[in-house]
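Computed from the coordinates by the stated procedures, all read-outs in this text should not be read as laboratory data. Model, not experiment: these values are computed from the prediction. So basically every Cβ, Gly included, is an ideal-geometry build from the backbone, and we count neighbours across all protein chains shown.
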Amino acid sequence: MDAKTDNITIIGIAGGTGSGKTTVVNKIVEALPPDYVVVVPLDSYYNDTTGMTDEERKAINFDHPDAFDWRLLIKHVNELRKGHPVEQPTYSYLLSNRLPETIHIEPKPVIIIEGIMTLIDKKLRDMMDLKIFVDTDPDERLIRNIQRDTIDRGRTVSMVVERYLKVLKPMHEQFIEPTKRYADLIIPQGGENLKGIGILCKYIEGLASKSELTGAMQ
């Protein structure tokens, strides 16, 4: 393991859709120095569906582990850990496919991998210095999904509720909830748990400072 690798802290943040993961991530970013953190969203790594028909794309279950390109994500996290930049894919929910544009990502002292199933892949988990699960009451998550999907994705309330009952809830219980056991730290009440998030931020500051000090000594 080279000096650049030792300098980088990798944090995984998982939790159900609408649990408040983004709020937790934003609080961590705010707590650390500017340009200290890079966030790698799992949502950017859905599989490339270029070879599929529209009907096949519409049939994709985006809440199943098979929907993600784990190989590419692990490759990119490895590159960032080695101090190399990557071209992160961009994904369109409307097209159910990747867009031609990529986002240039430079390595930073703290890498946060954030998404519903961030803790499900063992290879990815083994790369993490800290694993976090954001835990929120199912009713709260449903309300947030309704608010988000009706505003951002043009869905009706009945469409969101139907999708929640048929897809999100069973997939959460089968794949997401069980990954809680891999977490080093569970944040109950999601983004509203300011005390818990505050303690977490202090711990991450300590991790990052320790890594930086180790790198300076090498």
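Brief remarks on what is shown
- Sorting the segments 36-45, 54-63 by their mean number of nearby beta carbons within 10 angstrom, highest to lowest, gives 36-45, 54-63.
- When the Cα positions of Val25, Ile111, Tyr182 are compared along the charge dipole of segment 9-215, Tyr182 comes out farthest toward the positive end, with charges on each C-beta of Lys, Arg, Asp and Glu.
- Label zone at Phe175, where the point sits 7 Å out along the Cα-to-Cβ direction: segment 46-66 residues whose backbone N lies under 18 Å: 46-50, 56-66
- Prolate/oblate/rounded label for segment 19-142 (Cα gyration tensor, a/c 1.5): oblate
- Candidate lysines for bridging to Lys123, where Cα separation is under 19 Å - those fewer than 8 sequence places away on the same chain excluded: Lys75, Lys82, Lys131, Lys180
- Relative to the Cα centre, the charge distribution of segment 1-127, modelled as +1 at Lys and Arg Cβ and -1 at Asp and Glu Cβ, gives a dipole magnitude of about 340 debye.
- Charge dipole (the chain, unit charges on Cβ, about Cα centre) - positive-most of Val40, Leu99, Met127: Met127
- Residues with amide H under 5 Å from that of Asn97, placed H, sequence gap 5 or more: Ser92
- Computed Rg/Rh of the chain, alpha carbon atoms with Kirkwood Rh: 0.97
- 5 angstrom amide H check on Ile187, placed H, neighbours 5+ away: Phe133, Val134, Asp135
- Stretching Ser209 away from Leu185 to a fully extended chain increases their span by 6.7 nm, per 0.36 nm per residue minus the current alpha-carbon distance.
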